[in-house]
Amino acid sequence: MCTTGAFVVRDTNGENQIFAFKTSDSVWTGFWHSQVHEETGFDSLSYGLIPQQGINAGMNETGLAVVSSFFDYTSEALPSNSSWQGDIRGKVQAEVLSKYTSTEEALHHFQSQFEGSIAPIGGNHILVDSSGKIRVFEHCRGETAVEVVDQQVIRSNQAMYLFTEEQKSQCNEIQEDREKRLEQAEAVIKKLVHNPQNVENVLHQLQQLLSSHVGIGNELGSICAHGISKGRSNTEEPHFTMSAMIWHINQRTMYYTEGNPCVNEWKIKEFIK
């Protein structure tokens with residue numbers, strides 16, 4: 001459903017700056033952005049979709065961020081009213097953000113919840129903490145995989161270590177949409193991490209990336225989606241970008257839009273004590 005990523009870049013003072021980002025591409029539905037308060041755990045600056053329980057993506061007050069997206073290798077379309085049934089990803093992510101401070105702790109929790117599970121909704125979860133350690137946890141149909149990331153990672157609804165041959169048999173439209181988004185995002189992030197960057201420039205480049213179209217936004221490969229029915233989920237209804245988000249881990253800040261980022265202003269949310 002999304003284009004997601006995380007990376008570490010050097011600023012002009014030689015310090016590491018850590019970012020995570022995503023678009024939330026879905027059929028039209030309600031959504032929210034909020035500081036999620038936990039009485040006995042960590043608060044988080046998070047995002048959620050009304051049909052999905054828990055948290056879709058967020059960063060807690062210690063700087064641990066979790067960014068998720070849908071993954072499956074079948075082209076079989078599901079009716080829209082069943083596309084969220086059995087989805088436990090948001091619940092697991094809410095638990096991780098409330099309890100843990102490190103990527104490794106979060107990864108262990110994901111493994112304990114999904115290894116051997118037959119949860120019907122697969123996904124990939126990018127995990128990054130305040131030290132800049134990045135991992136990707138992939139799961140689908142009871143199978144799981146972990147990617148150890150050095151400096152940057154991008155996902156656009158594909159898995160790199162699960163069902164690689166099966167993904168090649170998907171319809172051309174699904175493969176094209178996922179490959180084009182991956183290529184566009186990787187090109188931008190590679191340029192950012194190659195040389196020291198001003199933080200404001202990083203934010204500007206990310207906002208431009210998440211607002212970008214192929215054509216007017218309803219063509220395959222558009223990161224900012226205006227009615228795309230292939231490549232984002234197993235539902236063939238048109239998908240739109242509900243929101244785009246950037247988490248700056250160092251500053252504990254979430255930048256976000258309410259609606260398509262190409263036409264809506266970016267807002268800022270910080271932790272309130």
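Every read-out reported here was derived from the displayed coordinates using simple, explicitly stated rules and does not represent laboratory data. Only a predicted model underlies this, so the values are computations on that prediction, with no experimental measurement involved. Cβ: placed from backbone, ideal geometry, glycine included. Neighbour counts: every protein chain shown.
Quick notes on this structure:
- Residues located in region 146-183, provided they are among the aliphatic types (A, V, I, L, M), under 18 Å from residue 74 (Cβ atoms) and outside any loop (DSSP other than H, G, I, E, B): 174
- Condition met for residue 273 (surrounded by fewer than 18 Cβ atoms within 10 Å (Cβ to Cβ) and closer than 24 Å to residue 11 by Cα): no
- Residue in region 57-66 that is surrounded by fewer than 23 Cβ atoms within 10 Å (Cβ to Cβ), of a type in the set (A, V, I, L, M), more than 17 Å from residue 158 (Cα to Cα) and touching a residue at least 12 places away in the same chain (Cβ under 8 Å) present: no
- Members of region 251-265 found to be surrounded by fewer than 16 Cβ atoms within 10 Å (Cβ to Cβ) and more than 13 Å from residue 23 (Cα to Cα), listed by number: 251, 263, 264, 265
- Qualifying residue in region 27-43 (condition: within 16 Å of the chain's Cα centre (by Cα) and either outside any strand (DSSP E or B) or small (Gly, Ala, Ser) (or both)): no
- In region 44-73, residue nearest to residue 233 (Cα to Cα) [restricted to those that are in contact with a Lys or Arg (Cβ under 8 Å, 6 or more places away or on another chain), of a type outside the set (Ser, Thr, Tyr) and part of a strand (DSSP E or B)]: 70
- Criterion: touching a Ser or Thr at 6+ places or on another chain (Cβ under 6 Å), touching a residue at least 40 places away in the same chain (Cβ under 8 Å), outside any strand (DSSP E or B) and crowded, with 16+ Cβ neighbours inside 10 Å - qualifying residue of 97, 127: 97
- Qualifying positions in region 180-236 - hydroxyl-bearing (Ser, Thr, Tyr) and closer than 29 Å to residue 11 by Cβ: 211, 212
- Taken over region 200-221, the residue count meeting the criterion of being within 20 Å of residue 71 (Cβ to Cβ) and in contact with a helix residue (DSSP H, G or I) (Cβ under 8 Å, 6 or more places away or on another chain) is 2.
- Residue, surrounded by the most Cβ atoms within 10 Å (Cβ to Cβ), within region 2-16, restricted to residues that are in a strand (DSSP E or B) and β-branched (Val, Ile, Thr): 4
- Taking the criterion of being surrounded by fewer than 18 Cβ atoms within 10 Å (Cβ to Cβ) and touching a residue at least 40 places away in the same chain (Cβ under 8 Å), the residues of region 210-238 that qualify are 213, 236, 237, 238.
- Counting only strands (runs of 3 or more DSSP E) wholly contained in region 184-272, the ones carrying 3 or more residues that are over 26 Å from residue 127 (Cβ atoms) and touching a strand residue (DSSP E or B) at 6+ places or on another chain (Cβ under 9 Å) occupy 226-228.
- Evaluating residue 118 against the criteria (1) assigned to a loop (DSSP other than H, G, I, E, B); (2) under 13 Å from the mean Cα position of the chain (by Cα) leaves one unmet condition, (2).
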